Amino acid sequence: MQTFTQNVLKIIKLIPEGKVMTYGQIARLAGNPRAARQVSRLLHSMSQKHELPWHRVINAQGKIAIQNEEGAENQRMALEDEGILVIQWRINLQEFQASDSELPIDSNILEDQL
């Protein structure tokens, strides 16, 4: 598994309950700020296998990005179960976005950190 992929998985697992992160934020922390789409693909293909809290990842506009209505509804319900307010598929990032400093990341957790 590539270092970037390992870092993405570790970061997603560290997103605190009741908080969200954006695809781009995760990509930047994982070492490739231009790889938001790659984060999306990894999340889609590895969430179940690695038991990732996939529902805590949203787009840069604070919106649920899942196009499938059933999937988007599942994400909305999972977020609301954690106390995250979702209005018209949108989350207030100022209130619910996890800051980089909220993640318990040290130099031993991520490979080849920035």
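Contact annotation: residue pairs with Cβ atoms under 7 Å, 6 or more positions apart or on different chains, pairing a residue in region 39-66 that is over 17 Å from PRO16 (Cα atoms) with a partner that is among the charged types (D, E, K, R), are LYS63/ARG90; ILE64/ARG76.
Restricting attention to region 27-76, the residues being touching a strand residue (DSSP E or B) at 6+ places or on another chain (Cβ under 7 Å) and either closer than 18 Å to THR3 by Cβ or of a type in the set (Asp, Glu) (or both) number 1.
Every number in this text was worked out from the coordinates using simple rules, so none of it is lab data. Owing to the predicted nature of the structure, the values given are computational and were not obtained by experimental measurement. Backbone-built Cβ (ideal geometry, glycine too); neighbour counts: all protein chains shown.
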